[in-house]
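Student: This is the structure I have questions about; it appears just below.
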Amino acid sequence: MDASITSLTLETKSMRAEIASFQSRVTGLEQRIGLVEAQTTVSQDRDQDRLSLRSKLTDMEDRSRRDNICLQGIRENEEGADMQAFLSSALPKLTSLDFDPLIEFQWAHRVGPKRSSNSLTPRPIIACLLRHNQTRQILQAARNHGPFRMVQHDIGITADYSKETNDRKKAFLALQPRLCQLEIKYSLFDPARMWVTKNGVSKDFYNPEELQLFLDSFQSQSMDSTSTNGSQDNVGDNEGTGNFPQDRKKLSWPCVTLKPDKKAET
């Protein structure tokens, strides 16, 4: 009897020791997990800070270029020896604008390695105007009446933005086919903001990835709504689902318009 009690006592002590060991290991794991979570939080905060700084730098660069214009399609060596004199004479003719005072530039030059005069893809010209109101006049004329013609060549005039902003604008434009397919009215504002609307409901997007996710969600909801209505014997008006109700009628609006973004000019 005493031997059995002694054996049970030893086993109990051994189990307590093992439990204590397990508790110690669990405590160590919890501490390590807490440390990893803290590091992850710090890393996420740093990533957010980097994105915020990148956004601010991009905005600063775009604002520093607000007096710039970019001219595409002017043949190589068309400007002769004096680029500024050439542009001062050519821009009023291209845009049919009367500038008072006359256009003056801080600087103007071509971008990229030199090409031959017969090149089919001449280098763009970047010009920084001295007066911001004249920059706005030229860009407005380009939006309303461009492209222009010079010696049987099309000349395009656009605002000059940073690479990051141009990449976002290209990503937005790549989504045009889906927007037209879904019959969603939209406009692309400078520098890179997509405005979409349907049936009186509007949204602004500054990130192409967010617009992509929205279109995926909207298309999925539209397909579910179509499937549900198709299974009914008597199909009434399709009120749709989601943020933009579906409309049975074909929409007769233009696919895209380019407009200046007043928010970006403040």
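Student: Within the stretch 111-122, can one find any residue that is surrounded by 16 or more Cβ atoms within 10 Å (Cβ to Cβ), under 26 Å from SER64 (Cβ atoms) and touching a strand residue (DSSP E or B) at 6+ places or on another chain (Cβ under 6 Å)?
Tutor: No: zero hits.
Student: Only one of GLN134, GLN140 is open to solvent by 70 Å² or more (accessible area, probe 1.4 Å), closer than 18 Å to LEU91 by Cβ and part of a helix (DSSP H, G or I). Can you tell me which?
Tutor: One residue alone meets the criteria, GLN140.
Student: Take the stretch 161-192 and flag every residue that is in a strand (DSSP E or B), more than 23 Å from ILE125 (Cα to Cα) and open to solvent by 20 Å² or more (accessible area, probe 1.4 Å). It would help to see each step written out before you state the result.
Tutor: Filtering the stretch 161-192 down to residues in a strand (DSSP E or B) leaves 185-190.
Remaining after also requiring more than 23 Å from ILE125 (Cα to Cα): 185-188.
Within the stretch 161-192, just LYS185 meets the criteria.
Student: Being in a loop (DSSP other than H, G, I, E, B) and either on the phi > 0 side of the Ramachandran plot or not charged (D, E, K, R) (or both) is the filter here; which residues of the stretch 77-98 pass it?
Tutor: Within the stretch 77-98, ASN77, GLY80, ALA81, SER96, LEU97 meet the criteria.
Student: Separate question: Name every residue in the stretch 193-216 that is open to solvent by 30 Å² or more (accessible area, probe 1.4 Å) and under 26 Å from LEU139 (Cβ atoms), in order of residue number. Write out each step before concluding.
Tutor: Taking the stretch 193-216 as the starting set, the residues that turn out to be open to solvent by 30 Å² or more (accessible area, probe 1.4 Å) are 195, 199-204, 206-207, 209-210, 212-213, 216.
Selection gives TRP195, SER202, LYS203, ASP204, TYR206, ASN207.
Student: Oh, and also: Consider GLU104 carefully, then state whether it is charged (D, E, K, R), touching a residue at least 40 places away in the same chain (Cβ under 8 Å) and surrounded by fewer than 15 Cβ atoms within 10 Å (Cβ to Cβ).
Tutor: no
Student: Sticking with this structure for a sec: List pairs: first in the stretch 202-224 and more than 13 Å from ALA171 (Cα to Cα), second assigned to a helix (DSSP H, G or I) and of a type outside the set (Val, Ile, Thr), Cβ under 7 Å, 6+ apart or cross-chain?
Tutor: Listed by first residue and then by second, the contacts come to LEU215/ARG178.
Student: Which members of the stretch 45-85 meet the condition of being within 23 Å of ARG136 (Cβ to Cβ), aliphatic (A, V, I, L, M) and open to solvent by 90 Å² or more (accessible area, probe 1.4 Å)?
Tutor: MET60
The values are calculated or read from the model by the stated rules, or taken from the named source; none is laboratory data. Predicted, not measured: the structure shown is a model, and the values here were computed from it. Cβ: placed from backbone, ideal geometry, glycine included. Neighbour counts: every protein chain shown. When the accessible area is computed, the model is the full protein with side chains, heavy atoms only, and any ligands, DNA or RNA have been set aside. Shrake-Rupley method; radii C 1.70, N 1.55, O 1.52, S 1.80 Å.
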